Amino acid sequence: MNAVLLAVLVMLGLALLRTHVVISLLIGALVGGLSGGLSLSRTLEAFNNGITGGAAVALSYALLGAFALAIAKSGLPHAMADLAIKRLERGGAQGRLKWALILLLAVVSIASQNLVPIHIAFIPLLVPPLLYVMARLHLDRRLVACVITFGLVTPYMVFPVGFGDIFLKQILLGNIAKSGMDVRGLNVMHAMAIPALGMVAGLLWAVLVSYRKPRHYALGKIENVERTHARVSRKSLTTALLAIALAFAVQLYTDSMIMGALAGFLLFLAVGVVKWKDADGLFNEGMKMMAMIGFTMITAQGFAEVLKATGQVGALVSASAGLFAGNQGVAAFAMLLVGLVVTLGIGSSFSTVPILTAIYVPLCMHLGFSPLATVAIIGTAGALGDAGSPASDSTLGPTSGLNVDGQHDHIRDTVLPTFLHYNLPVLAAGWIAAMVL
């Protein structure tokens, strides 16, 4: 069997058996390297060369974790939740409040990827205080899970800012360029716009059709959940808003998430919202919160480098091209389907792209896909499965906030709804993008 294919199958099989994704990638890399004729020392050398490419991404996540905890310490998330509760207690129209709450969660989720790049860190801070409001409104938490997951996935698919900068520029375009395709001057938003519309279609179906009916939850269980209050003051809220604006501006100016997150964190320190004596502990907690994602990305880069070092990518491409008989439609569908399966297994679209790129770029070039279509295929193949994977932070995050009272099942209420509403339309939209771009 081809060493590249064997490595991917071993990695995917271990991940589906719930082996930790980092261990799955490590073992898959060793199997691929040794079966591809590399010695153990040469396999490890290739792996080590690859992991250096993920260092900047991992550092970005570590700094974003610290920045996220600083925002939480300011009390801004709880202030937003308290505002919704007060409106409900004043007897506001429940219909309007329900849609306002859905819109709030969608906006905050989207902002967490681009405008205020704190990823899933906002969920345990914002969602639990809102559970009481959701229960009073009989709001189906499956809908909330779909809304939050939409906000966690769609922005990085199409907007090259924040986590979108990491996914679209550093990982997607960066790996495609390394694999031999010229993507200079290519508009990545143009390439990913059609696949992102698939996410929009899934969200509209969930909101308007699937989960419109009221769903009842036990208020007693919610009231028993301990709620912690952050200290909120005008100074802390103002500082949080200024820090968010500063981080966004610095990131745009320097084209670096690292510098943006660092600038925002330093402003919290300078103003005193985060005490200097607490800075070390807060920074460590933030790094630990994002460490898993960073290590997965680093390991995936090493895995991809081992696959390249075997020299068997070309043989796999030639065999695949012969199998598709030059049929672009069949090839595009197969590549997207493989991306869905791989991402479902490892739970990270960011980690999937480096694995797929080494195989897909030569195949796309051989089959005559344009650079724009190639970016759409690989970007969609990587993003597919992020919604709907049991191991993805885009599903684990919503569950962590919605299940604090034990009334939200991870598989039935988050994984299956997000899989059905997002992966199927995105698969179709990605195929259309590959055919028309």
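The values are calculated or read from the model by the stated rules, or taken from the named source; none is laboratory data. Given the structure is predicted, the values throughout are model-derived calculations rather than measurements. So basically every Cβ, Gly included, is an ideal-geometry build from the backbone, and we count neighbours across all protein chains shown. The accessibility values were calculated without ligands, DNA or RNA, using every heavy atom of the protein model including side chains. Shrake-Rupley method; radii C 1.70, N 1.55, O 1.52, S 1.80 Å.
Tabulated data for the structure shown
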read-out	value
Check on Ser24, polar (S, T, N, Q), assigned to a helix (DSSP H, G or I), modelled with pLDDT of 80 or more and over 12 Å from Phe303 (Cβ atoms)	no
Of all residues making up region 179-193, the number that are within 21 Å of the chain's Cα centre (by Cα) and either within 20 Å of Ala358 (Cα to Cα) or modelled with pLDDT of 95 or more (or both)	3
Verdict on Leu64 being within 26 Å of Lys235 (Cα to Cα) and either of a type in the set (S, T, N, Q) or at pLDDT below 85 (or both)	yes
Those residues of region 368-379 which are buried (at least 24 other Cβ atoms within 10 Å of the Cβ) and more than 19 Å from Met11 (Cβ to Cβ), in sequence order	Phe369, Thr374, Val375, Ala376, Ile377, Gly379
Tabulated pairs, region 299-320, first in a helix (DSSP H, G or I) and of a type outside the set (Val, Ile, Thr), second at pLDDT below 75 and open to solvent by 30 Å² or more (accessible area, probe 1.4 Å), C-beta under 8 angstrom, 6+ apart or interchain	Gln301/Gly53; Glu305/Gly53
Residues (over 15 Å from Gly65 (Cβ atoms) and either touching a residue at least 40 places away in the same chain (Cβ under 8 Å) or assigned to a helix (DSSP H, G or I) (or both)) located in region 257-273	Met259, Ala263, Leu266, Leu267, Leu269, Ala270, Val271, Val273
Those residues of region 38-57 which are open to solvent by less than 40 Å² (accessible area, probe 1.4 Å) and at pLDDT 70 or above, in sequence order	Leu38, Thr43, Ala46, Phe47, Gly50
Total residues in region 380-396, condition in a helix (DSSP H, G or I) and either open to solvent by 10 Å² or more (accessible area, probe 1.4 Å) or out of contact with any His (no Cβ under 8 Å at 6 or more places or on another chain) (or both)	7
Selected residue [assigned to a loop (DSSP other than H, G, I, E, B) and modelled with pLDDT of 75 or more] from Arg215, Arg231	Arg215
Flag if Leu9 is within 11 Å of Leu307 (Cα to Cα), open to solvent by 60 Å² or more (accessible area, probe 1.4 Å) and assigned to a helix (DSSP H, G or I)	no
Residue check for Ala121: under 23 Å from the mean Cα position of the chain (by Cα), modelled with pLDDT under 75 and open to solvent by less than 30 Å² (accessible area, probe 1.4 Å)	yes
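Residues are listed down the side, and each one gets a yes or a no for (1) in contact (Cβ under 8 Å) with a residue 12 or more places away in the chain; (2) open to solvent by 40 Å² or more (accessible area, probe 1.4 Å); (3) part of a helix (DSSP H, G or I); (4) polar (S, T, N, Q):
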residue	(1), (2), (3), (4)
Ala331	yes, no, yes, no
Leu337	yes, yes, yes, no
Val342	yes, no, yes, no
Ser351	yes, no, yes, yes
Pro354	yes, no, yes, no
Thr357	yes, no, yes, yes
Tyr360	yes, no, yes, no
Leu363	yes, no, yes, no
His366	yes, yes, yes, no
